[in-house]
Amino acid sequence: MEEAFLVALSLGLILLAFRLILSHFLPLLLNLRASPKGSFGWPLVGETLSFLSPHRSNTLGSFLEDHISRYGKVFKSHLFCTPTVVSCDQELNHFILQNEEKLFQCSYPKPIHGILGKFSMIVVVGESHKRLRNLALTLVTTIKSNPGYINDIERIAIHVIDSWKDKGGSVIFCEEAKKARARIFVTVKGIIEERRRISGGGSTKKGDFLDVLLSLKYLTEEEKVSFVLDALLGGYETTSLLMSMAVYFLGHSPPSLEKLKSEHQRIRANKEKDEYLNLEDYKKMDFTQHVINEALRCGNIVKFVHRKAIKDVRFKGHLIPSGWKVLPVLSAVHLDPILHESALQFNPWRWEGQNQAACKKLAPFGGGPRLCPGSELAKVETAVFLHNLVLKFRWRQEGEDMPMAYPYVEFPRGLPLQVEPIT
Ligand code: HEM
C-alpha cells in the first residue's frame with residue numbers, strides 16, 4: 001500500500017516537473033535558441049555591471065564594442081535583472097520607437113537613474129501617458145507661442161555670461177549652466193502658488209497653459225505642480241548639458257568655433273547694439289544647428305532608452321520574446337562608422353545639406369510617440385546662449401575633463417574654463 005502511494009507520488013512529481021518544463025522552460029529554451037546571439041553573464045546581475053561601466057560619452061565603451069564585435073549589432077544579454085535584447089542597429093531602434101504601445105512599451109526600472117528620471121511621465125503608460133503627454137505638448141506650445149520667449153531666454157543667458165566678468169577669469173561651466181535652474185524653480189513655484197491662491201476669482205484667469213493645467217480634475221494639486229516642475233527642471237538639466245557639450249567640443253575644434261563666430265557676427269551686424277534676437281535671427285543660424293546636431297551626436301546625453309516587448313516580435317531574423325527588456329542604444333547609431341564617416345570626430349559640416357527630419361541617423365531625442373516634446377526648446381536655448389557666448393568671450397579648458405557616460409552623462413570636474421572677455 002505504502003509502495004503504491006510512493007510510486008503514485010513519484011509519478012505525480014515527474015508529471016508536474018514535465019509540465020513545468022513544457023509550460024515554462026521549454027518556451028524559454030526555444031526563445032533562447034531563436035533570440036539573438038549573446039550571453040547572460042552572471043546569475044542575477046547578469047552583465048549589468050559591465051554594461052554600466054563608465055566611459056567617454058563620445059565612445060561606445062568597451063562593453064558595447066566587445067559585444068558588437070562578438071555577436072553583431074543586436075544581441076541578447078541579462079541586464080537590470082531581466083533577459084534583454086540590446087539593439088545598436090539603426091533600423092531596429094527606429095522600429096522599436098515607432099511601435100510604442102503596439103509591440104513595445106516604455107519600461108523604466110524604479111528608481112530610474114539617469115537624466116530622464118527627472119521626467120515623471122516617463123514611467124506612465126497607456127491612457128495616463130497620453131494625457132500627460134498632451135499636457136507636455138501644450139506646455140511647450142504655450143512657451144513657444146509667447147512672443148517674448150526668445151527674449152526671456154536671452155536675458156537669462158546674458159545675465160549668466162555677463163557675471164563671468166567678475167569671476168577672475170575662471171568658471172566651472174556646468175555649474176554656470178545650472179544657475180538658471182534655481183531661478184526657474186523659484187519662479188514657476190511662485191507663479192503656480194499665486195494662481196492657486198486666486199483661482200477662485202475666475203476673472204484673473206489668463207487662459208494660458210497654467211490655467212489649463214490647474215483646471216484639470218484628474219490630477220491632484222501636487223501632481224500638477226510636480227508635473228510642471230519636472231518638465232521644466234528636467235528640461236533645464238538636459239539643455240544645460242547640451243550647452244556644456246557644445247562648449248566642450250567647440251573648444252577642441254577651432255575651425256568650427258571660427259565658422260560659428262562668423263555666423264553670429266553676421267547676424268549681429270544687422271542689429272542695433274543691445275537689440276535682442278528674434279525668431280528670424282534664429283532661422284538664419286544654419287551652422288549653429290549643425291554644431292548643435294554634432295554636439296548631440298558626439299555627446300550622447302541619453303545613451304539608451306528602456307522598453308519591453310509586449311508581444312513576440314520578429315525582426316531581421318531575430319526573435320524578441322514577449323516580456324523581455326529591449327534597449328535601443330541611441331549612442332551606438334550616433335557612433336556607427338557605417339552611418340557617419342569618421343564617426344569619432346566632431347565635424348559639424350557633416351550635417352550640411354542633410355534633411356534633418358528624414359535623418360534617422362540622429363535620434364538624440366528618441367522617436368515615435370515618446371519623442372521628446374522639449375527638443376526644439378532645447379535647441380533654441382542652446383543657440384541663443386551660443387550667440388552671446390561666442391561674441392562676448394574667448395575660452396580655454398582648464399586641465400583635463402571630458403563628458404563621461406556613467407551612463408548618466410557628466411563632466412567629472414564640471415568643465416572648468418579660463419574665460420576672457422572679447423573687447
Ligand atoms: C538636449 C536636451 C534633451 C535631450 C537630449 C532629451 C532627450 C529625451 C529623450 C531621448 C526622450 C525619450 C525617452 C524615451 O523614449 O524613453 C525624452 C523624453 C522627454 N523629454 Fe526630453 N530631452 C531634452 C530636453 C527636454 C526639454 C527641454 C524638455 C522640457 C521642456 C524635455 C521633456 C521631456 C519629456 C516630458 C519627455 C517624456 C516624453 C514622453 O514620455 O512622451 N526634454 N527626452
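The values are calculated or read from the model by the stated rules, or taken from the named source; none is laboratory data. Quick caveat: nothing in here was measured; it's all calculated off a predicted structure. Cβ coordinates were reconstructed from backbone atoms using ideal geometry, including for glycine residues, and neighbour counts include every protein chain displayed. To get the accessible areas, we keep the full protein, side chains included, count just its heavy atoms, and leave off ligands, DNA and RNA. Shrake-Rupley method; radii C 1.70, N 1.55, O 1.52, S 1.80 Å.
With the checklist (1) over 23 Å from His334 (Cα atoms); (2) open to solvent by less than 50 Å² (accessible area, probe 1.4 Å); (3) aliphatic (A, V, I, L, M) in hand, flag the one item Ala405 doesn't pass.
If we test Ala405 against (1) over 23 Å from His334 (Cα atoms); (2) open to solvent by less than 50 Å² (accessible area, probe 1.4 Å); (3) aliphatic (A, V, I, L, M), just (1) comes out false.
With the structure loaded, tell me whether Ser256 is within 20 Å of Lys379 (Cβ to Cβ), modelled with pLDDT of 65 or more and in contact with a Cys (Cβ under 6 Å, 6 or more places away or on another chain) or whether it fails that test.
Numbers: within 20 Å of Lys379 (Cβ to Cβ): yes; modelled with pLDDT of 65 or more: yes; in contact with a Cys (Cβ under 6 Å, 6 or more places away or on another chain): no.
Criteria not met by Ser256.
Picking from Phe75, Phe80, Phe95, which residue would you name as being open to solvent by less than 30 Å² (accessible area, probe 1.4 Å) and among the aromatic types (Phe, Trp, Tyr)?
Details: Phe80 fails: open to solvent by less than 30 Å² (accessible area, probe 1.4 Å); Phe95 fails: open to solvent by less than 30 Å² (accessible area, probe 1.4 Å).
Selected residue: Phe75, the only one of Phe75, Phe80, Phe95 that is open to solvent by less than 30 Å² (accessible area, probe 1.4 Å) and among the aromatic types (Phe, Trp, Tyr).
Considering only the stretch 118-131, state which residues are of a type in the set (A, V, I, L, M, F, W, C) and either open to solvent by 30 Å² or more (accessible area, probe 1.4 Å) or more than 8 Å from the ligand (Cβ to nearest atom) (or both). So that I can check it myself, show each step before the final result.
Narrowing the stretch 118-131 to residues of a type in the set (A, V, I, L, M, F, W, C): 119, 121-125.
Phe119, Val123, Val124, Val125, listed by residue number.
Which ones in the stretch 351-378 are more than 12 Å from the ligand (Cβ to nearest atom) and touching a residue at least 60 places away in the same chain (Cβ under 8 Å)?
Quick first cut of the stretch 351-378, residues more than 12 Å from the ligand (Cβ to nearest atom) only: 351-361.
Result: Trp351, Glu352, Gln356, Lys360, Lys361.
Report whether or not Ser342 is in a loop (DSSP other than H, G, I, E, B) and either open to solvent by less than 10 Å² (accessible area, probe 1.4 Å) or small (Gly, Ala, Ser) (or both). Write out each step before concluding.
Values: in a loop (DSSP other than H, G, I, E, B): yes; either open to solvent by less than 10 Å² (accessible area, probe 1.4 Å) or small (Gly, Ala, Ser) (or both): yes.
In short, yes.
How many of the residues in the stretch 82-108 are more than 11 Å from the ligand (Cβ to nearest atom), of a type outside the set (S, T, N, Q) and in a strand (DSSP E or B)?
Looking only at that region, the number is 3.
Residues that are buried (at least 17 other Cβ atoms within 10 Å of the Cβ) and within 12 Å of the ligand (Cβ to nearest atom): which strands (runs of 3 or more DSSP E) entirely in the stretch 266-334 hold 3 or more of them?
Values: elements: 307-309, 313-315, 318-320, 325-328.
Filter on the stretch 266-334 gives 325-328.
Yes or no: Glu381 open to solvent by 10 Å² or more (accessible area, probe 1.4 Å), among the charged types (D, E, K, R), in contact with a Ser or Thr (Cβ under 9 Å, 6 or more places away or on another chain) and within 16 Å of the ligand (Cβ to nearest atom)? Quick ask: steps written out before the conclusion?
Working: open to solvent by 10 Å² or more (accessible area, probe 1.4 Å): yes; among the charged types (D, E, K, R): yes; in contact with a Ser or Thr (Cβ under 9 Å, 6 or more places away or on another chain): yes; within 16 Å of the ligand (Cβ to nearest atom): yes.
Criteria met by Glu381.
Taking the stretch 376-401 only, how many residues are under 20 Å from the mean Cα position of the chain (by Cα) and of a type in the set (S, T, N, Q)?
1
For the stretch 161-179, enumerate the residues that are at pLDDT 85 or above and either polar (S, T, N, Q) or surrounded by 18 or more Cβ atoms within 10 Å (Cβ to Cβ) (or both).
Those that are at pLDDT 85 or above and either polar (S, T, N, Q) or surrounded by 18 or more Cβ atoms within 10 Å (Cβ to Cβ) (or both): Ile161, Ser163, Trp164, Ser170, Val171, Phe173, Cys174.
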